[in-house]
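All remarks here apply to the structure that follows.
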Amino acid sequence: MTMDLRVDPGRLRADIEKLSTFGRDAKGGVSRPSFSRADLEARAWLKDRIRDAGLAVRQDGAGNIFGRIEGPGKTVMAGSHIDTVLNGGDYDGSVGVLAALECLRRIKEESLPLARALEMASFTDEEGNLVGDFLGSRAFMGLLDRDEVTRGRTQFGRSLPEILDGTGLTVESVLAASGERPDLDAFLELHIEQGPILETEEAPIGIVEAISGKKYRWCSFTGKASHAGTTPPELRQDAFLGLADFALRGTRHAAIDHYGSMVTIGKVSVHPGVFSTVPGRAEFSLDIRSVSAETLAALEAEILDIARDIASSRGLKFASRLVDATEPVRVPPRIIGILEDECGKLGYRGMRIASGAGHDAQILAAGCDSGMIFIPCLDGISHSPDESIDWADLEKGANLLLRGLARLAG
Ligand SMILES: [Zn+2]
């Protein structure tokens with residue numbers, strides 16, 4: 001391998017700044033959900049950039065976009081996503097797609113001899129604006145079912161078939177996308193950390209060793225609505241107090257018995273929701289995460305036991321249903337070894353880190369050795385116009401991605 005192989009940081013930065021203009025919104029952020037007008041314009045621009053780099057451009061039935069350098073044997077892939085949440089930032093996803101493009105561009109310019117094919121990828125709707133997280137990468141890996149993509153409305157009020165209308169894609173093409181997948185050897189994703197650890201540790205590089213799995217549950221306590229002035233405490237069946245008790249006990253249990261795993265209640269509604277009535281019903285979301293499949297299962301069971309225990313002692317009913325789940329992923333030692341080795345050769349301070357957020361790399365892990373490189377983001381902020389990175393960190397992350405891809409495909 002060319003030992004001084006490096007990305008062109010100015011060219012990479014210019015690409016990221018250009019992509020951020022598609023969907024720039026009035027609040028200074030980026031609103032670019034998949035198949036919005038801004039996304040369609042960004043897709044056309046990305047395909048042009050891939051062609052300009054001399055790569056073969058391809059789009060599959062799920063709208064995933066690829067740029068390829070042919071080689072013998074299996075395919076080594078790098079990528080991420082260019083869709084954003086509404087009023088998101090400039091870097092979540094886009095750094096991974098455009099750094100992958102820059103890496104392939106450099107490998108092509110250097111005419112590196114390849115023992116494998118190389119592809120960069122931009123996956124559709126990673127953010128789950130349409131029908132659940134990771135639509136594109138799940139379609140790519142054949143992990144979608146028909147019900148899931150046809151049922152219900154997206155958060156924009158229209159169904160997925162309606163949103164796909166006019167894009168040249170259909171529900172059938174989305175469901176068939178995995179048939180176009182090349183035989184994969186490995187996948188790498190560069191991404192902002194979306195947390196405070198690298199910044200706190202003053203490390204420009206995080207080498208991800210595990211990605212959290214999650215369980216999303218929609219839960220409720222049901223008691224009895226009664227008059228706030230006339231019902232004595234011992235006769236109340238206050239659903240909100242059940243929830244409050246559960247919120248404290250459940251999160252304390254996770255923090256003490258399973259430190260590193262997380263329990264979060266992010267959305268709450270209390271009914272009837274008026275001044276003068278003891279709440280008869282409390283509905284809430286429950287987000288449980290862990291990097292260990294065993295811990296995730298145990299923590300979920302223990303948390304639900306706590307909820308049932310609280311319900312029985314307070315005269316309430318507890319109910320919950322699973323609405324989404326992803327499995328935790330351990331990054332294979334082969335990938336961690338290559339990235340740590342190259343990080344050392346580049347002279348960068350890197351540290352191993354776990355990802356608490358989900359990523360396309362986690363979905364790709366179903367079919368190949370999959371790994372991630374994190375770079376810091378200011379104050380750990382993401383999904384916000386305040387997302388910010390240090391360009392010097394991005395250059396380091398992209399150089400490590402480049403060296404990692406050259407090793408895997410060389
Ligand atoms: Zn992302």
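Every number here is computed from the coordinates shown, using simple stated rules; none is lab data. This one's a predicted model, so the numbers in the text were calculated from it and none came from an experiment. Backbone-built Cβ (ideal geometry, glycine too); neighbour counts: all protein chains shown.
Here are a few things to note about the model shown:
- Cα gyration tensor of segment 34-93 - equivalent ellipsoid semi-axes, whole Å, descending: 24, 13, 11
- Taking 29 Å as the limit for the C-alpha separation, the pairs Lys47/Lys396; Lys215/Lys345; Lys18/Lys214; Lys215/Lys396; Lys27/Lys267 exceed it in the case of Lys215/Lys345; Lys18/Lys214; Lys215/Lys396.
- Cα principal axis extents for segment 1-116, largest first, Å: 46, 33, 20
- Near-label residues of segment 2-34 by backbone N, under 14 Å of a point 7 Å along Cα→Cβ of Asn87: 25-32
- A simple spin-label model places pseudo-atoms 7 Å from Cα toward Cβ; at Ala44 and Asp183 they are separated by 3.8 nm.
- Helix 333-346 and the longest principal axis of the C-alpha atoms of the chain enclose an angle of approximately 60°.
- Additional length obtainable on full extension of the chain from Lys267 to Ala366, 0.36 nm per residue less Cα span: 32.6 nm
- Calculated FRET efficiency, Asp8 to Arg352, Cβ-Cβ distance, R0 = 41 Å: about 0.90 to the nearest 0.05.
- Expected 222 nm ellipticity per residue - DSSP helices of 4 or more, -39500 (n - 2.57), all of the chain, to 500: -11000 deg cm²/dmol
- For the pair segment 55-133 and segment 266-330, the centres of their Cα atoms are 37 angstrom apart.
- Cα long-axis angle, helix 391-409 against the chain (0 to 90 degrees, to the nearest 10): 70 degrees
- When you count the other C-beta atoms within 10 angstrom of each residue and take the mean per peptide, 119-130, 249-260 line up highest first as 119-130, 249-260.
- Here Asp341 and Ala115 are evaluated by their C-beta separation; at R0 = 30 Å the FRET efficiency comes out at 0.95.
- Taking Cβ atoms as reference points and 15 Å as the exclusive limit, the residues near Ser292 contribute a net charge of -2, counting Lys and Arg as +1 and Asp and Glu as -1.
- FRET efficiency for Ser276 and Arg58, using Cβ-Cβ distance with R0 set to 56 Å, rounded to 0.05: 0.35
- When the inverse distances between all different Cα atoms of the chain are averaged and flipped, the Kirkwood radius reads 22.6 angstrom.
- Ranked by the mean number of other Cβ atoms within 10 Å of their residues, highest first, the peptides 268-276, 328-336, 85-93 come out as 85-93, 328-336, 268-276.
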